[in-house]
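My structure is below; once you've seen it, I'll send some questions.
Every number in this text was worked out from the coordinates using simple rules, so none of it is lab data. Please read all numbers here as calculations on a predicted model, not as lab measurements. Don't worry about glycine lacking a Cβ; one is built from the backbone with ideal geometry, like all the others, and counts go over all protein chains shown.
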Amino acid sequence: MAETQAARPSSPAAQSFEYRLQRTPVGVVLLNADLTIRSVNPVAMRLLAPPGQKLAGVDILSLHPDEAREKVAFLIERARTSADGTSSLVVTTAMGSLIAKISRLEESPDGPLEGFCMMIHALAEAPVMGRTRADDADALAVDGLAVAGEAAMKALCPLMKLPLQGKGDLISLIDVNEVVCLVAQGHYAEARTLGFSAFCPRPLADLERRLDPALFVRVHRRYLVNIRHVRAAAREDGAWHLVMADTAQTRVPVSRGKVEAIRRLLAV
């Protein structure tokens, strides 16, 4: 019993880290000794392959622009020649932080080189401001994700902080748990919290892809709600709506096609 308790994270910070670690997608790429791709897992396939393209037998360097190939090759070469057969790199990008690890694969220390295993982890909690698109492309290229670009980062980095437009060039960040609901406003969104609302410079569809689907549910084409902040559900004139917990008690319509799923989710 004592050993079981000792193995559990005791602090909220440790529990949060363990939760994020368990939910972090990991891209895995197995390379042959000549750097052609042997196999990939589904996450890496989404990151590296254009729609319809097969990756087996493709040179990993060919998936990167010319200016990035030298850096990717250097990372692999370091794994080839290092004593422990590994190399890694932490990269900060505009969408978060990545850890790329490459391991040399061999039958024995004196045996022939079998190839490499590349693993890509995303561990950031908040967007990093002040970087240029060129910086981001450069960092992603080193980490083996240049071709996927921003779409790859969105797939890897669940959103932990929500950017809000402040005065001038100021971008405020709030914890996503503070968000009651998000409302589409043209190409961007309005974020409503318990005490205020603010403009979010992100499309609703983009936010939906990056927020935890267990908490944030698209109940209408214009509304994405945080289930934790639903105060009531009501049916009026044959239509359902949700009453949110913000001070304005926002009434969110539920699309007909979403009604049954939302009723099951809320047990109403």
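Give me the number: length gained by fully extending residue 247 to residue 28, i.e. 0.36 nm times residue separation minus the C-alpha to C-alpha distance, one decimal in nm.
74.3 nm
Something else now. For segment 159-202, which chymotrypsin sites (Phe, Trp or Tyr not before Pro) are in a loop by DSSP, counting at most 14 other Cβ atoms within 10 Å?
Counting only loop positions with at most 14 other Cβ atoms within 10 Å, the chymotrypsin sites (Phe, Trp or Tyr not before Pro) in segment 159-202 are 196.
Ok, one more. Are there any trypsin sites (Lys or Arg not before Pro) in segment 221-252 that are in a DSSP loop and have at most 14 other Cβ atoms within 10 Å? List them by number.
The qualifying sites are 221.
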